[in-house]
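Trainee: Got a structure for you, questions after.
Bear in mind these aren't lab numbers, they're just calculated from the coordinates by the rules spelled out. This one's a predicted model, so the numbers in the text were calculated from it and none came from an experiment. Positions of Cβ are backbone-derived with ideal geometry, glycine not excepted, and every protein chain shown enters the neighbour counts.
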Amino acid sequence: MKTLTNFTLAASIALALPAVAANKAVQPVVQEAPLRAHLAFLSSDLLEGRGTGQRGGDLTVSYLENQAMAVGLKPGNGSSYRQLVKIAGVKTDAAASNLRLEANGAALPASFGKDWVYAPGDAKAAHSFNADLVFVGYGITASEEGWDDYKGQDVKGKVIVMMVNDPMPTAEAPNRFGGKALTYYGRWTYKFEEAKRKGAIGALLIHTDASASYGYSVVKNSWDGVERFQLAQGTPGTELQGWLTNDAAVALFKASGLDLDQLRAAAERKDFQPVALKAKVVGDMKAEVRLVDQFNVAGVVPGTDPKLKDEVVIYTAHWDHLGKQGSSGDTIYNGAVDNASGTAALLAMAQEAVKAPAKRSQMFLWVAAEEQGLLGSAAYAEAPLWPLAKTAANLNLDSLNWIGTTRDIGTAGSERTDLGKMAEATAKGMKMVIAKEKPDLAGGYFRSDHFSFAKAGVPAFSITSGSDYLGDKQKAEQMRAAYRKSYHQVSDEYDPAWSMAGMTQMAQFTLNLGRAVADAPKMPEWKAGEAFGKARAK
């Protein structure tokens, strides 16, 4: 620890010197050297994969707050750079639980892991159930679509069963629920949230490979014998959350005298009516629960305009990865690309931003526990350090381009707001173009930290790598394909041979766009009809 402290202080002093001597009129230009240095350190074995609730995560927070201080950022939370994020670690104790599904008074042969998985959504260690089951189709309430799967059904005290994804487009309504693209209504996170709002005590999702876009093994590996994290502050989830395999769901409905396929077909129509099953969830659920204090780190460059300085542009990147796992071999998930790259980029951007402040203030925010479900950014949105009504935009960086420079840049989601046109102008100024938009079939817009801000009404999106590489395109594509095998694996490690040009390019684009927002006459707005604009209007 003493060695780490000395290293941090020395690096802090070295990085701070350019800011002291800088000409305030110079436009911010992101430097490669500090980006590389931060990336190498953040993804080193010393930080042990920056795991949530682990020693490496604590060291990372200490490093970030010291570096924020060194480059000249002002504390973002009063006199502190830290924002407390209370997190609960929850692990279902299947051996101590006797939870079961009953239909017409008879228990079904469903075993934990193989046929279904479940856990408490409210971070409590013990629950007892004797609750009726109700099928609510897709479990969606969307006034702008004229859609209500609950139809006034009282589900208080009950466990609801529902499908994932959202209603499919039809010839008569090709654009309903985003057409082929997945909307937030299709995400399993939304379905759990809506179940809570409706007063249900539990929610079970029916898994199919097609509707979830991944196999049941992905679900099982995330729930069976694994500690899951959830916020221990704010509004808790339902008492029970879980998934059913398709086979288990078919058997459950059949034992209730119902045909699941027929109900699925009915759920594709607006006139679908919720259906009570002749079935219950019965028994006790036990879980191991621990509380963990984690931290977001926030630093601010105050604005220069007497009025606009009260508004802010927020740059985000999640500092966490998967930490240490296992007991033999390489146990450290270094997360160099995901997301030491974004974390390092924000530090390099901040170092330059302090030299030439914009009219609006700018906040550099490193959020915790993204890998656990966007928990750090969600906690910020629930208890913002800057009023959301005065937050002009959020620009998020997650997994930067380590391969090389590109002609294009990814801005998917920016088209939902005025940020789309601003991104186009920023790209043009850098002699780049916006990458061609593709249908968001997997709901990528809802899976990164910017979404916590979007849900709260703040125009937000993530900047992603382009794919039109300069130079040797075949080699670039091979490198890109190779990384897919390293995603969330111990092999996601920093390589000193990497060119930082692509990362620097993405960081520069993000800083240029943020500055354009910070200097604009008015804050960006959501496009008409965008659901997230409602929160902004409020």
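Trainee: Return the loop-located GluC sites (Glu not before Pro) in region 401-460 (DSSP other than H, G, I, E, B) with at most 11 other Cβ atoms within 10 Å of their own Cβ; answer none if there are none.
Mentor: Passing sites in region 401-460 do not exist.
Trainee: Tell me which aspartates and glutamates have Cα within less than 14 Å of Lys436's Cα, excluding those fewer than 8 residues away on the same chain?
Mentor: Answer for Lys436, where 14 Å is the Cα cut-off: Asp408, Glu415, Glu424, Asp468, listed by chain and number.
Trainee: Can you list the aspartates and glutamates whose alpha carbon is less than 17 Å from that of Lys485, not counting same-chain residues fewer than 8 positions off?
Mentor: Partners found: Asp330, Asp338, Glu477, Glu493, Asp495.
Trainee: Report, in listed order, any pair from Lys191/Lys527; Lys74/Lys355; Lys309/Lys390; Lys421/Lys473; Lys156/Lys538 with a Cα-Cα distance greater than 20 Å.
Mentor: On the way: Lys191/Lys527 25 Å; Lys74/Lys355 13 Å; Lys309/Lys390 10 Å; Lys421/Lys473 28 Å; Lys156/Lys538 27 Å.
Cα-Cα > 20 Å for Lys191/Lys527; Lys421/Lys473; Lys156/Lys538; rest within.
Trainee: Which residue, chosen from Gly72, Gly186, Asn339, occupies the Cα position most advanced towards the positive end of the dipole of the chain, where the dipole is computed from +1 (Lys, Arg) and -1 (Asp, Glu) charges on Cβ about the Cα centre?
Mentor: Of the listed residues, the answer is Gly72.
Trainee: Treating the beta-carbon of each Lys and Arg as +1 and of each Asp and Glu as -1, no other charges, what is the dipole magnitude of the chain about its Cα centre, to the nearest 20 debye?
Mentor: 920
Trainee: If the reach is capped at under 17 angstrom between alpha carbons, list the lysines near Lys124, excluding any in the same chain fewer than eight residues apart.
Mentor: Of all the lysines, those that pass the test against Lys124 - Cα under 17 Å, at least 8 places apart if same chain - are Lys86, Lys91, Lys196, Lys286.
Trainee: List the trypsin sites (Lys or Arg not before Pro) within region 194-292 that DSSP assigns to loop and that have no more than 15 neighbouring Cβ atoms inside 10 Å.
Mentor: In loop regions of region 194-292 (DSSP not H, G, I, E or B), the sparsely surrounded trypsin sites (Lys or Arg not before Pro) are Arg269, Lys270.
Trainee: Can you run phi through the Karplus equation (6.51, -1.76, 1.60; θ = phi - 60°) for region 41-52 and list ³J(HN,Hα) in whole Hz, with x for Gly and Pro?
Mentor: Working through the residues one at a time gives 6, 5, 9, 6, 4, 4, 8, 6, x, 6, x, 5 Hz.
Trainee: Related question: What is the packing order of peptides 521-533, 440-452, taking the mean over residues of other C-beta atoms within 10 Å and listing the highest first?
Mentor: Ranked from most to least packed, the peptides come out as 440-452, 521-533.
Trainee: Give me the number: length gained by fully extending Ala497 to Gln233, i.e. 0.36 nm times residue separation minus the C-alpha to C-alpha distance, one decimal in nm.
Mentor: 90.8 nm
Trainee: State the extension gain, in nm to one decimal, for the chain segment bounded by Arg197 and Ala383, taking 0.36 nm per residue of separation less the distance between their alpha-carbons.
Mentor: On the way: separation 186, 0.36 × 186 = 66.96 nm, distance 1.97 nm.
Roughly 65.0 nm would be gained on extension.
Trainee: Sort all Cα-Cα distances of the chain into consecutive 20 angstrom bins from zero, then give the percent of pairs in each bin up to the one containing the longest distance.
Mentor: 21, 53, 24, 2
Trainee: Which value, in debye to the nearest 20, gives the size of the charge dipole of region 419-538 about its Cα centre, when Lys and Arg are +1 and Asp and Glu are -1 at the Cβ?
Mentor: The calculation lands at about 440 debye.
Trainee: Mind checking which of Ala412, Leu277, Ser327 is farthest towards the positive end of the chain's charge dipole, using Cβ charges of +1 (Lys, Arg) and -1 (Asp, Glu) about the Cα centre?
Mentor: In the chain, that residue is Ala412.
Trainee: For Asn104 and Ala33 in the same chain, what is the full-extension length gain: residue separation times 0.36 nm, less their Cα-Cα distance, in nm? Kindly include the intermediate steps, with their values, before the conclusion.
Mentor: Numbers: separation 71, 0.36 × 71 = 25.56 nm, distance 6.77 nm.
This chain segment gains 18.8 nm when fully extended.
Trainee: A further question follows. Kindly state, as a whole number, the per residue volume in cubic angstrom of the convex hull around the alpha carbon atoms of region 90-289. Write down the numbers at each step before the final one.
Mentor: Working: hull volume 22.6 nm³, N = 200.
So the per-residue hull volume is 113 Å³.
Trainee: Along region 32-38, what does the Karplus equation 6.51 cos²θ - 1.76 cosθ + 1.60 (θ = phi - 60°) give for ³J(HN,Hα), rounded to whole Hz, x for Gly and Pro?
Mentor: 6, 4, x, 4, 5, 4, 5
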